[in-house]
Every structure is written in C-alpha cells, then in structure tokens.
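Notes follow the structure.
The values are calculated or read from the model by the stated rules, or taken from the named source; none is laboratory data. Please read all numbers here as calculations on a predicted model, not as lab measurements. FYI the Cβ positions are ideal-geometry reconstructions off the backbone, even for glycines, and counts take in every protein chain you see. Accessible surface is based on the protein model in full, side chains and every heavy atom, while ligands, DNA and RNA are left aside. Shrake-Rupley method; radii C 1.70, N 1.55, O 1.52, S 1.80 Å.
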Amino acid sequence: MAALATGGATPSDGATSFQRKVPASSRLAAIAGTRPSVRHGQLLLSSGLPSLDCVLGGGLAVGTLLLIEEDKYGIYSNLLFKYFLAEGIVCGHNLFVASAKEDPADILKELPAPLFDDVHKNQVDEKETAIKSKQESQESMKIAWRYQNLPKMEVSPAASARFGHYYDVSKTVSPELLKSIKWHRFFLPEEMSLHPEIKTCNMTCDYTRLLQSIQRIIYQEGFDGSYPQKKQKNILRIGIQSLGSVLWGDDICCTDNPEDIFSLTKFLYVLRGLLRMSLSACIITVPAHLIQNKAIMERVTNLSDTVVGLESFIGSERETNPLYKDYQGLIHVHQIPRLNSLICDVSGTKDLAFRLKRKQFTIERLHLPPDLSDTVSRSSKQDLAESTKLLSSGCGAMAIGKKHLDF
C-alpha cells in the first residue's frame, strides 16, 4: 500500500511521497537582462536607469507599456528613450526603433556608452570578495566535519547575471557593440515611399503602418510564443519616438477638435494587445504639453501601463531660483500598473527631481535647503514658502504664517 501511495516508489528507491517531478517546459526560462519580481512574480527588465527602476517598483514588467510625457524641448525625454535602448544592447535584446523625424540608425549611433570598466565599482567588488572569503574561512573552522563536503546553496544570483547598468552620457556606444545585436527600424518617410497606399482600419495610415510592422516582427521572430525560437528566448524592446506629433499625421497637437480624435487611443489599444501576448516591452514618448484637448491625454494615460512625466526648468522661473540650483527638472509618476495585486507599488516619496551630471543622468529625492540663517532676504523666504506650498498637499500641508486651522 505504501508503494501505491508513493506512486510506485519504495524507500529503497530513495524517493518519498513529498517529491514531485516538474516538467522542464513549465519552469521559468532564464532570459538575459531579466529577473522575476518578488512582489507580483512578473518578469521584469530594466529601463536603463537604476534610479527609475527603483521608483517603478524594481523595473518594467515584460508585456507592458511605458509612456514618457516629454518636456518642452524634448531633451531629457529623449535621454530616457536612449537609456532604454542602450540597456537592450548591453543585455543582447532585439530592438525595434520607430521615429518620424530622425533616422533610427542615427539614434542608435548616439546611444550612451555603458560603464563596464568602473574603477570604483571594481574596488568595491574586491572588498566584498575579500570580506566574504574571510567569513567563509572563519565559518569553515566552526562547521562540523561531516558537513564540509556538502555542496553550498546559492542564495543570491551570480555576479554575471546583473540587472541594470550605468552609462556615460559623454560617450557613445561602440560600433562593435551595435553589430552584435539584431535590430529593426521604422522610419516613417521611408515607409510612406515603400507603401503609399494602405488600409486605414479607422485610424491614420501612419499608425496602421507602424502596427503592421510591429505585428510582423513579433510573429516572424517568434516573440509571441507560437513556435519555439531557434536559440534561447529573447526580449523585444520597442521604442517609438514623439508619437502623436504632427509628423505622424495626427492633428491632436493642433486643435481641440481633431478629425481622428480616437486614432491614438485605438493605436494604443491594439499595441497593448500585442505586448500582452509576446515577450516584449515598449517605451513611447508623447508631447503631452502640445495636446490641447486634455480628455485625449486622459484616455492615453488610461491605456498605458506606466506613465512618467518630465518637467524641465529650462525657460521657467525655477531655472534661476537658487532653491533648485542642483536640479534640472522634476519627475511626476502619474501611473504605475497593478500586476497580480489590488494595489500598485507606490514609491516612498512623490517629490522627485532629476539632475544631469557631466556623465550620468540620475533621479533623486527633492531636497530643499533649510532656512537656518537670520540674514536671508525676504524674496528668498517667499520663494521657499511658495515651493513648500507646491510640494505639500492634503492634510499634511504645512501652515505658513499665523493662521487659524480650518476644520
């Protein structure tokens, strides 16, 4: 009876009733540049900026859409766009670059160079290995003799399986690294000359061309899982630049009542369906400050998974304000997806700012200088009070001046 309960296994066979054979096909395949999330179990990939990954709850989930609201001059949003593509090159992912104003080949040539040979990080790694070796030598003295020959369990992943990299903005990626990856291009002027006539499908012709190109690559390269890929599974990173602008044949940036008011929303609806069924992730930059109809922007936000807005200080009063002298702009996280949970991963702070150093672009928590001196001018005190009013909201707002509390 015991043999029947254990599925024909006897104690002499070395098997117990608590063991179960798992087929190899059901195991989560390891894909370069990805890791499973501890919170919701989804497969994550890096956005190319470790500080942004931390804000978004560990990274971007595979099959999701990241929407970047461009700043007024498109400087910093274009930089995040390049970080996303550069991370794909380092991890060996396939790329799909779409643009209507700039040649995708020129975009790839201007990607930032990865920081592989960092002297400071090598010194830190050497110190960590030295400390670990000392601890292992001390533990080997205390461990019992019969447990010394047993294999050790790997609690942390190997050092080679690194998630997220750092990049040097002052340098561009090497041509040898570009040749090592497979990428696809979509340059709108070329596509219009190759395919002048195309079915609209209740949206603009340019959006239809873009969707057909993305769908063709997903099916032909096997990213949809319809048939097993020839080699190890890989990720497709899709980057679309300045979607919704006039160059894409859309007039939502020109008038309050465009002709195809639902054209962009239909495109995002179909695109999310393609992303959900494939091993891919997409980043889209949208000139939100040019869209005059705010209802369209609300629909675009609802049809996206993650929405991040950039507010640059260039040309504003904050550019000359001494309180913001260490920063180049603010970052607003408008939406984070809810994956396998009822709530989303909310960051600890909402006051986020970014700074562009000589070599790196970082996202930090906004710290305003304290008013400790008695010789501070009246204008600077007023600026500090106004900035405090903007940052504080709700019941936790600070009461400035001698005013009674309102209940």
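Filter the stretch 296-313 down to the residues that are crowded, with 20+ Cβ neighbours inside 10 Å, under 26 Å from residue 259 (Cα atoms) and in contact with a His (Cβ under 8 Å, 6 or more places away or on another chain) and list them by number.
Matches in the stretch 296-313: 307 only.
Okay, residues lined up against (1) assigned to a helix (DSSP H, G or I); (2) surrounded by fewer than 21 Cβ atoms within 10 Å (Cβ to Cβ); (3) touching a Lys or Arg at 6+ places or on another chain (Cβ under 8 Å); (4) free of Cβ contacts under 8 Å to residues at least 40 places away in the same chain:
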residue	(1), (2), (3), (4)
243	no, no, no, no
255	no, yes, no, yes
265	yes, yes, yes, yes
269	yes, yes, no, yes
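On the given criteria, is residue 247 open to solvent by 20 Å² or more (accessible area, probe 1.4 Å) and either among the β-branched types (Val, Ile, Thr) or within 16 Å of residue 210 (Cα to Cα) (or both)?
Against the criterion (open to solvent by 20 Å² or more (accessible area, probe 1.4 Å) and either among the β-branched types (Val, Ile, Thr) or within 16 Å of residue 210 (Cα to Cα) (or both)), residue 247 qualifies.
Counting only residues that are in a loop (DSSP other than H, G, I, E, B) and among the polar types (S, T, N, Q), how many does the stretch 169-200 have?
Final tally of qualifying residues: 3.
Identify, please: which residue in the stretch 90-106 is assigned to a helix (DSSP H, G or I) and under 12 Å from residue 46 (Cβ atoms) and is, among those, least open to solvent (accessible area, probe 1.4 Å)?
Among those that are assigned to a helix (DSSP H, G or I) and under 12 Å from residue 46 (Cβ atoms), it is 91.
Going through the stretch 167-202 one residue at a time, which ones are open to solvent by 90 Å² or more (accessible area, probe 1.4 Å) and modelled with pLDDT of 90 or more?
Passing the criteria: 171, 176, 179, 182.
Please indicate, with yes or no, whether at least one residue in the stretch 9-26 is in contact with a helix residue (DSSP H, G or I) (Cβ under 7 Å, 6 or more places away or on another chain), β-branched (Val, Ile, Thr), outside any strand (DSSP E or B) and modelled with pLDDT under 95.
For the stretch 9-26, residues in contact with a helix residue (DSSP H, G or I) (Cβ under 7 Å, 6 or more places away or on another chain), β-branched (Val, Ile, Thr), outside any strand (DSSP E or B) and modelled with pLDDT under 95: present.
Checking the structure you have, find out if any residue of the stretch 345-364 is part of a loop (DSSP other than H, G, I, E, B), closer than 30 Å to residue 258 by Cβ, open to solvent by 80 Å² or more (accessible area, probe 1.4 Å) and not small (Gly, Ala, Ser).
no
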